[in-house]
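J.: The structure that follows is given in the form of structure tokens.
The values are calculated or read from the model by the stated rules, or taken from the named source; none is laboratory data. The model shown is predicted, which means the values in this text are computed figures rather than measured ones. With ideal geometry, Cβ positions are generated from the backbone for all residues, glycine too; neighbour counts draw on all protein chains shown. Protein only, heavy atoms only, side chains kept; ligands, DNA and RNA dropped before computing areas. Shrake-Rupley method; radii C 1.70, N 1.55, O 1.52, S 1.80 Å.
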Protein chains: 2
Amino acid sequence: MTTENDRKGRVLAAVDREFENALERLLTLVKIPSISTDPAHARNCRQAADWLTDLLTDLGFVAKTHETDGHPVVVGHSGGAHQRMLFYGHYDVQPADPLDLWVRPPFEADIIDAPYGKAIHGRGASDDKGQFMTFLEACRAWKQATGTLPEGLVVMLEGEEECGSISLAPFLEEHQDMLRADLALVCDTGLHASRQPAIMTSLRGLLSEEITITGPAIDLHSGLYGGLAVNPLRVLSSVLASLHDKANRVMIPGFYRDVRPTDHTRVETWEMLNFDTGRFLGKVGLAAPVNEEGFSALEALWSRPTCEINGMTGGYTGDGFKTVLPSQASAKISFRLVADQDPDHLRERFRAFVMTQIPSDCTVNFTAYAGEKACTMDTTSPLFEASLEELNEEWQALPVMTGSGGSIPVTTMFREILGMNSLLTGFSRGDDAIHSPNEKYSLDNFRKGIRSWARILSRAEELETL
Amino acid sequence: MTTENDRKGRVLAAVDREFENALERLLTLVKIPSISTDPAHARNCRQAADWLTDLLTDLGFVAKTHETDGHPVVVGHSGGAHQRMLFYGHYDVQPADPLDLWVRPPFEADIIDAPYGKAIHGRGASDDKGQFMTFLEACRAWKQATGTLPEGLVVMLEGEEECGSISLAPFLEEHQDMLRADLALVCDTGLHASRQPAIMTSLRGLLSEEITITGPAIDLHSGLYGGLAVNPLRVLSSVLASLHDKANRVMIPGFYRDVRPTDHTRVETWEMLNFDTGRFLGKVGLAAPVNEEGFSALEALWSRPTCEINGMTGGYTGDGFKTVLPSQASAKISFRLVADQDPDHLRERFRAFVMTQIPSDCTVNFTAYAGEKACTMDTTSPLFEASLEELNEEWQALPVMTGSGGSIPVTTMFREILGMNSLLTGFSRGDDAIHSPNEKYSLDNFRKGIRSWARILSRAEELETL
């Protein structure tokens, strides 16, 4: 243990010594406008990928920019007989619009003063360039301190996370042996409540559908036909209103069949988080939670399935008024899934539920969008406990195991395609403004993030199994 | 009588002689995109008004484009000691969207082949440009045949009929002496079942409201907030679904209080029309009527009040999917009123009904649009009988007295502000697609319509009182 601790100390010292250079490298990367959803920036996505392949190669990884049908994937191997950990990050970023709301240009990578201290300002500074560079800089410090990279590391950096990761599943399928490791590490999440380090242990799945109801063959005059002809907007409203009961439960028959009670110890952990519902809702101008009856706010957000209407349109929606009885009405509806809920199965149940409510004079058309299962991590994996201890020491705050109401499809792909469990930790703050103007990343969190990974790598070296 | 008949014959001959020129004038007018509800087309509304003032002046009317707070009103006087008849039409038109459904551009005024023969294609070709031009062309023929215009005619053409006629009531109030006549003539209605000439003797009133429900201060991520934050689209759907029960009755408390049973003789007249519900709905691709339980189809359309959703929007409505939990959702809702139902009173009842359903975390904003009472005409007025005879002769089909589910607010204003009864007749067909893509007006109906007015003007000249 003394040797191990000595090594950890030397690596952490190397992190601090190298920090100014690490910052320069991150700023260089943020300056590349690798917006994946915009074809005009495809060139910049490739530029970011090649820059990262060069960086990994310099560090001693055997690295390559791999082609896909979309943007390239960067993969690097540190070598060794056995692949122990696959680290995942994404080099692509969200579009920067609306540009006029940025206090500095989004791709100049300035250092600014935030309320809490210095921060790196720019699109991708936090999501995910700043975040994944913490891991690569930890590897660099490791090499500087020990002369070699940690053995059995695979680094995979994708370029389509912000536009649906279309190419990722086929890429994982095709390169299973190249990528499969004992455990995946993902750095694309944040601190809890911007204060406590966190490991995210569950993510909800997602099922999205669009429905379009057609009644009359053409738009009708509501005076000449109103009272006799079916109105698709009325039918749609009625269908949408039937999706929940007054206790905010989803009314689709069988919807809860594959929802298991949340693991008792998880719920207990969440209770200790003292989640402040009033504060959480207050930030967006709300006060009254509408969670499913019988469940706490965090349970509702992290471990209960939901149904939300995300968009709805029909008839005349411009300025003024038009007394039209429209031919069509449509809505976009999504479900957050938990536990064993199967998106394909529920899609069929949802469609059947809608069909029972469509009058004989209407037809309904369904369009399938996302369908991903929920993902719950196996927290008994030994590196989880070790990581919590190291995060505690680095941040001097009790780390927490959290859930999330959102979906990170890559963890589901890792589990389903490569049979891998994922350890998700990251160092962004709630006010990093990811996906918004003036995205930033705390300079101090960047440094502590590198140190956190240095510590976790050190503990992983000690463990027989991860 | 011989002299009168001679004159009628000469006027009808002038109609036929002048018809090609009349058509050219109508096509010129249809080409002006005078969409009143869209501020971008205010210029075109003025252009149409000025074009009509010039046309009336050329015909020998003393005419002027009158300013209002909205679009102008055109008024012309034929002169004479006593104002006998006020003719009403509207030069504004509905928006043309969705544009991609038009087989020709909506404002090119093409002549097309309809199943029944040639038709004028374009927005406003029927409603109401083609219709009111029948009267102006009848006046022109009269002048050509007799050397003068009929005495005591007032022509009033408004520009806000399709957006609520906001300025009209104040205009009538302000110019009572300029406008008041013995009887109003209105040409904004159609043939019965596209075959028989008709005089419309009752119209439903109209109440229109827009409601906007606001929940969160900003659009939220449905994964991070879904299950806890109120969703305005859900609230809106629930409100809209609550407006009717399963028997298609409107559920707003007190909604039916001022609805009286329809006059027995009117209902008997309607029964004799042998209204074919299946055929009526079949033309627009429907088969199953949704009328209020306990009432026939014609009663439902002509003498029962309704509630319809005319438009609804909220959240993401573009291509693809966005898992947004939107800040706002809104709907446009209108009611057709009958008998003594008071729009102001019902507007308050509607708002109160909605308010009871708005959760504490949402606010609701109401925008008032139209509010007009229903209107029943006095059919004992002598010109009614004479007009039925002339319509019979011109169309060689028994004319009928009908009701309508639509609203022509001006008839209520004429009654309430100017104490005038209205005679409504018009020549549009059920398949003219007014308010829909590919609006058209039968060329033959345009000609017969002009001839019908020439005949009615001729009979009016003979009558002591109208």
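J.: I'd like the accessible area for residue A:163: 1.4 Å probe, protein heavy atoms, all chains in place, Å² to the nearest 10.
T.: Residue A:163 has an accessible surface of roughly 50 Å² with all protein chains in place.
J.: Further question on the same structure: Ignoring ligands, DNA and RNA, how much accessible area is buried between chains B and A, both sides summed, with a 1.4 Å probe, to the nearest 100 Å²? Numbers along the way, then the final one.
T.: Numbers: alone 20600 and 20770 Å², together 34930 Å².
Looking at B and A, the buried total is near 6400 Å².
J.: Calculate, for residue B:97 and residue A:4, the FRET efficiency according to 1/(1 + (r/R0)^6) with r their C-beta to C-beta distance and R0 56 Å; round to the nearest 0.05. Don't skip to the end; give the middle numbers.
T.: Numbers: r = 71 Å, r/R0 = 1.26.
The calculated FRET efficiency here is 0.20.
J.: So the label point sits 7 Å from Cα along the Cα-to-Cβ vector; using that for residue A:265, what distances do you get to the other copies, in nanometres, sorted shortest first?
T.: Computed spacing set for this position: 8.8 nm.
J.: Next question. Please list, in chain and number order, the residues 5+ apart from residue B:402 or on another chain whose amide H is under 5 Å from its amide H, with Hs placed from the backbone.
T.: Here the answer is B:199, B:200, B:201, since their amide H atoms fall under 5 Å of that of residue B:402.
J.: Here's something else I'd like to know. Between the range A:281-318 and the range B:1-70, how far is it from one alpha carbon centroid to the other, in angstrom?
T.: Taking the Cα centre of each part, the range A:281-318 and the range B:1-70 sit 56 Å apart.
J.: So what's the projected area for chain A, the Cα convex hull averaged over all directions, in nm²? All intermediate terms of the calculation are to be shown ahead of the outcome.
T.: Working: hull surface 98.0 nm².
Here the figure is 24.5 nm², rounded to one decimal.
J.: Further question: For labels at residue A:355 and residue A:24 in the simple 7 Å Cα→Cβ model, what's the distance in nm?
T.: 6.5
J.: Considering the options A:181, A:364, A:228, tell which one lies farthest towards the positive end of the dipole of chain A, charges being +1 on Lys and Arg and -1 on Asp and Glu at the Cβ, about the Cα centre.
T.: A:228
J.: Kindly provide the helix-only [θ] at 222 nm of chain B, computed as the sum of -39,500 (n - 2.57) over DSSP H runs of four or more divided by all residues, to the nearest 500 deg cm²/dmol?
T.: Values: 14 runs with 168 residues, N = 466.
Only helices count here, giving -11000 deg cm²/dmol.
J.: Restricting to bridges with both residues inside chain B, how much of the DSSP beta-bridge set is antiparallel, in percent to the nearest 5?
T.: On the way: 51 of 72 bridges.
Taking every DSSP beta bridge within chain B, about 70 percent pair in antiparallel fashion.
J.: Go from 0 up to the bin containing the longest alpha carbon distance in the range B:331-466, width 10 Å each, and give me the % of pairs per bin.
T.: 9, 28, 29, 19, 10, 5, 1
J.: Let me ask you something else. Rounded to two decimal places and with Rh computed the Kirkwood way over Cα pairs, what is Rg over Rh for the range B:305-369?
T.: Working: Rg = 15.0 Å, Rh = 14.2 Å.
My calculation puts Rg/Rh at 1.06.
J.: What average number of partner chain Cβ atoms lie no more than 10 Å from the Cβ of the residues making up A:282-292?
T.: Details: counts 1, 3, 10, 9, 12, 3, 7, 5, 11, 3, 2.
Mean shielding count: 6.
J.: A further question follows. Roughly what % antiparallel, to the nearest 5, for the DSSP beta bridges in the protein assembly as shown?
T.: So the antiparallel bridges amount to about 70 percent of the total.
J.: For the range B:91-230, state the semi-axes of the equivalent ellipsoid (square roots of 5 times the eigenvalues of the alpha-carbon gyration tensor), sorted largest first and rounded to whole angstrom. Let's see the in-between values first.
T.: On the way: eigenvalues 355, 120, 42 Å².
Semi-axes (√(5λ), whole Å): 42, 25, 15.
J.: Roughly how far apart, in whole Å, are the Cα centres of the range A:90-147 and the range B:245-277?
T.: Rounded to whole Å, the Cα centres lie 68 Å apart.
J.: Next up: Counting pairs of Cα atoms in the range A:220-349, how many percent are more than 26 Å apart?
T.: Summing the P(r) of the range A:220-349 above 26 Å gives 42 percent of all pairs.
J.: Output ³J(HN,Hα) for the range B:302-314: one whole-Hz value per residue in order, computed from phi by the Karplus curve 6.51 cos²θ - 1.76 cosθ + 1.60 with θ = phi - 60°, and x for Gly and Pro.
T.: 10, 9, 10, x, 9, 9, 10, 8, 9, x, 7, 7, x
J.: Which net charge results for the neighbourhood of residue A:348, defined as the other residues with beta-carbon distances under 13 angstrom from its beta-carbon, given Lys and Arg at +1 and Asp and Glu at -1? Display every interim value, and only then the final one.
T.: On the way: positive: A:257, A:347, A:349, A:351; negative: A:209, A:342, A:344.
Local charge sum for residue A:348: +1.
J.: When only the heavy atoms of the protein chains count and the probe is 1.4 Å, how do A:118, A:8 rank by accessible area, highest first? Could you put the intermediate results ahead of the total?
T.: Working: A:118 105, A:8 25 Å².
So the residues, ranked largest to smallest area, are A:118, A:8.
J.: While we're looking at this one, here's another question. Which percent of the accessible heavy-atom area of the range A:51-151 goes to carbon and sulfur, probe 1.4 angstrom?
T.: Numbers: 1940 of 3810 Å².
C and S fraction of accessible area: 51 percent.
J.: Separate question: Short version: what are the Cα gyration tensor semi-axes of the range B:193-242, square root of 5 times each eigenvalue, largest first, in whole Å?
T.: Output for the range B:193-242: semi-axes of 45, 12, 9 Å.
J.: Rounding to the nearest 20 debye, state how big the charge dipole of the protein assembly as shown is about its Cα centre with +1 on each Lys and Arg Cβ and -1 on each Asp and Glu Cβ. Numbers along the way, then the final one.
T.: Numbers: 86 positive and 130 negative charges, 88 e Å.
Dipole size: approximately 420 debye.
J.: While we're on this one: In terms of solvent-accessible area of protein heavy atoms at a 1.4 angstrom probe, what is the ranking of A:213, A:111, highest value first? Display every interim value, and only then the final one.
T.: Details: A:213 0, A:111 65 Å².
Sorted by accessible area, descending: A:111, A:213.
J.: Let me ask you something else. Calculate the dipole size of chain A relative to its Cα centre from +1 charges on Lys and Arg beta carbons and -1 charges on Asp and Glu beta carbons; express the result in debye to the nearest 20. Mind dumping the intermediate values first?
T.: Details: 43 positive and 65 negative charges, 143 e Å.
Approximately 680 debye in magnitude.
J.: 7 Å from Cα along Cα→Cβ at both residue A:116 and residue A:463: what's the point-to-point distance in nm?
T.: 2.6
J.: Over the range A:221-371, what is the percentage of antiparallel beta bridges among all DSSP beta bridges, to the nearest 5?
T.: Numbers: 10 of 10 bridges.
Roughly 100 percent of the beta bridges in the range A:221-371 run antiparallel, per DSSP.
J.: Can you list the copy-to-copy distances for residue B:148, using a point 7 angstrom from Cα toward Cβ, in nanometres, shortest first?
T.: Computed spacing set for this position: 11.8 nm.
J.: In addition: Distance cut-off 19 Å, Cα to Cα: go down the list A:31/A:440; A:118/A:283; B:64/B:440; B:31/B:283; B:129/B:440; A:31/A:129 and report the pairs above it.
T.: In this structure, A:118/A:283; B:64/B:440; B:31/B:283 lie more than 19 Å apart at Cα.
J.: Per residue, how much accessible area does chain A have with a 1.4 Å probe, in Å²?
T.: On the way: 17540 Å² over 466 residues.
Per residue, chain A has an accessible area of 38 Å².
J.: Continuing with this model, one more query. What is the Å³ per residue value for the convex hull set by the Cα atoms of the protein assembly as shown? All intermediate terms of the calculation are to be shown ahead of the outcome.
T.: Working: hull volume 158.8 nm³, N = 932.
Convex hull volume per residue, Cα atoms: 170 Å³.
J.: Less than 11 Å Cβ to Cβ from residue A:407, Lys/Arg counted +1 and Asp/Glu -1: what total charge do the surrounding residues give? Write down the numbers at each step before the final one.
T.: Working: positive: A:204, A:336, A:373; negative: A:372.
My count for the surroundings of residue A:407 gives +2.
J.: In whole Å, what is the distance between the alpha-carbon centres of the range A:197-215 and the range B:411-466?
T.: A separation of 56 Å, based on Cα centres.
J.: Let me ask something else. Just read off the accessible area of residue A:295 with the full protein assembly in place, 1.4 Å probe, to the nearest 10 Å².
T.: Accessible area, nearest 10 Å²: 60 Å².
J.: Which order do A:28, A:53 take when ranked by solvent-accessible area (1.4 Å probe, heavy atoms of all protein chains), largest first?
T.: Values: A:28 60, A:53 15 Å².
Ranked list, largest accessible area first: A:28, A:53.
J.: Sticking with this structure for a sec: Roughly how many Å² of residue B:348 are accessible to a 1.4 Å probe, to the nearest 10?
T.: 110
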